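The values are calculated or read from the model by the stated rules, or taken from the named source; none is laboratory data. As the structure is a computational prediction, the values presented were derived from the model and not from experiment. Counting neighbours? That spans all protein chains shown, and the Cβs are built from the backbone with ideal geometry, glycine included.
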């Protein structure tokens, strides 16, 4: 997700700073490597208990995406900024501009 975000950010907001190798090729290669490692981790399926790990990870990621979607739909983006503040222990000032982040 963050690799796609880098590409989108530099193709949209910072178009003048976009560099093909740095903002397209590197994120694409790392994403493909991550997918390859993921596939190699589950093909063939590991023994009994480890077999359920990919499904558990998928459910966990899905629950996180569902929570983010719900909070955005309800207009609770400041909650996300406050969660980031708690995680990084830095001060984030919520202004009218940051309330409208997409």
### Query
Taking region 53-76 only, how many residues are part of a helix (DSSP H, G or I) and more than 30 Å from residue 38 (Cβ to Cβ)?
0
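Kindly establish whether residue 56 is exposed (fewer than 10 other Cβ atoms within 10 Å of the Cβ) and modelled with pLDDT of 90 or more.
Working: exposed (fewer than 10 other Cβ atoms within 10 Å of the Cβ): yes; modelled with pLDDT of 90 or more: yes.
Against the criterion (exposed (fewer than 10 other Cβ atoms within 10 Å of the Cβ) and modelled with pLDDT of 90 or more), residue 56 qualifies.
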### Query
Quick check: anything in region 4-21 touching a residue at least 24 places away in the same chain (Cβ under 8 Å), in contact with a helix residue (DSSP H, G or I) (Cβ under 6 Å, 6 or more places away or on another chain) and within 24 Å of residue 65 (Cα to Cα)?
no
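Please go through region 31-52 and give me each residue that is in a loop (DSSP other than H, G, I, E, B) and loosely packed, with under 11 Cβ neighbours inside 10 Å, ordered by number.
Selection gives 43, 44, 47, 48.
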### Query
With respect to residue 28, is the statement that it is in contact with a helix residue (DSSP H, G or I) (Cβ under 8 Å, 6 or more places away or on another chain), within 19 Å of residue 2 (Cβ to Cβ), modelled with pLDDT under 85 and assigned to a helix (DSSP H, G or I) true?
no
